Amino acid sequence: MTASVTVRVPAKVNVQLAVGAARPDGFHDLANVFLAVGLYDEVTATPADTLRITAEGHDVDRIPLDRTNLAARAAELLAARHGIEPDVHLHIVKDIPVAGGMAGGSADAAGALLACDTLWSTGASRTELLDICAELGSDVPFSLVGGAALGQGRGELLTPLPVGGAFHWVFAVADGGLSTPAVYREFDRLTAVTDVPEPTASPELLAALEAGDATALAAALTNDLQPAALSLRPDLAATLEAGTAAGALAALVSGSGPTTAFLAKDPESAAEVAAALLRSGTCRQTRVAQAPAAGATVL
């Protein structure tokens with residue numbers, strides 16, 4: 001058996017998040033255009049006497065280090081399917097913002113799944129791994145796949161999308177987090193007396209991605225959860241305004257927030273926007289990253 005396996009897995013930004021009305025099962029149908037960005041967590045799997053989780057890096061005091069961690073659940077589900085014990089030490093190096101709407105927990109689950117699959121030589125097919133990912137959560141399959149994709153259903157049914165160039169992003173990390181279920185509840189409250197349309201992908205946005213056209217992509221960015229996130233965290237509006245004033249082509253809340261995302265025209269502009277956001281005092285830190293990025297990768 002291999003001594004240890006390390007997998008690198010990217011963060012994501014939703015360049016479109018169209019949300020339908022709540023379904024009977026409590027989930028929402030989505031048209032969710034994912035773009036993987038070059039901020040990464042690393043998950044290392046090492047044989048152990050029992051399943052345990054350790055972590056280092058940004059805000060690790062805010063993630064569970066027991067079997068409620070999605071990475072631990074990924075190991076358990078894979079082991080159960082193959083009739084083995086999930087005796088593994090999973091060490092997570094965090095660089096993706098925690099509870100920031102960038103799928104850090106989902107990334108760790110996908111990373112742990114691939115790391116354990118490689119460590120244990122299970123021979124699981126890509127389809128089996130994606131099935132386990134979907135069981136773990138709506139964002140986990142994309143964390144495995146990376147690149148760009150349209151997520152439908154509750155986000156787990158993926159269609160890869162072509163991307164014609166690099167996009168430059170700035171992420172402003174807020175103090176505190178936002179609970180994704182709480183944001184969806186607020187979305188339901190805000191839309192309770194309206195007819196919520198069926199979510200569909202924007203043809204203009206998909207064309208902008210394929211062309212690698214940052215200006216066209218900026219004009220098409222949308223997030224149906226943004227009003228709910230701003231309702232729960234009104235302070236994020238000042239961050240969005242600061243980034244736009246600094247020259248960002250567009251600004252939006254990333255996923256369910258509270259991280260905010262800013263599309264820049266080039267690396268120089270991204271650096272300027274990041275510096276201006278820090279000077280504004282409206283965020284805790286800024287991160288600059290390029291997209292698209294590869295999905296979960298064994299190092």
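Any residue in the stretch 253-267 that is surrounded by fewer than 23 Cβ atoms within 10 Å (Cβ to Cβ), under 13 Å from ALA214 (Cβ atoms) and among the charged types (D, E, K, R)?
yes
In the stretch 1-50, how many residues are in contact with a His (Cβ under 6 Å, 6 or more places away or on another chain) and either more than 20 Å from ASP195 (Cβ to Cβ) or of a type in the set (Asp, Glu) (or both)?
So the answer is 3.
With the stretch 53-144 as the region, which helices (runs of 4 or more DSSP H) entirely inside it contain at least 3 residues that are outside the structural domain of VAL33 (by TED's automatic domain parsing), at pLDDT 95 or above and crowded, with 19+ Cβ neighbours inside 10 Å?
It comes to none.
Of the residues that make up the stretch 198-219, is at least one among the β-branched types (Val, Ile, Thr), in contact with a Gly (Cβ under 7 Å, 6 or more places away or on another chain) and either in contact (Cβ under 8 Å) with a residue 24 or more places away in the chain or in the same structural domain as ASP95 (by TED's automatic domain parsing) (or both)?
No, the stretch 198-219 contains no residue that is among the β-branched types (Val, Ile, Thr), in contact with a Gly (Cβ under 7 Å, 6 or more places away or on another chain) and either in contact (Cβ under 8 Å) with a residue 24 or more places away in the chain or in the same structural domain as ASP95 (by TED's automatic domain parsing) (or both).
The values are calculated or read from the model by the stated rules, or taken from the named source; none is laboratory data. Keep in mind it's a predicted model, so treat the numbers as computed, not measured. Glycine also receives a Cβ, built like all others from the backbone with ideal geometry; neighbour counts cover every protein chain displayed.
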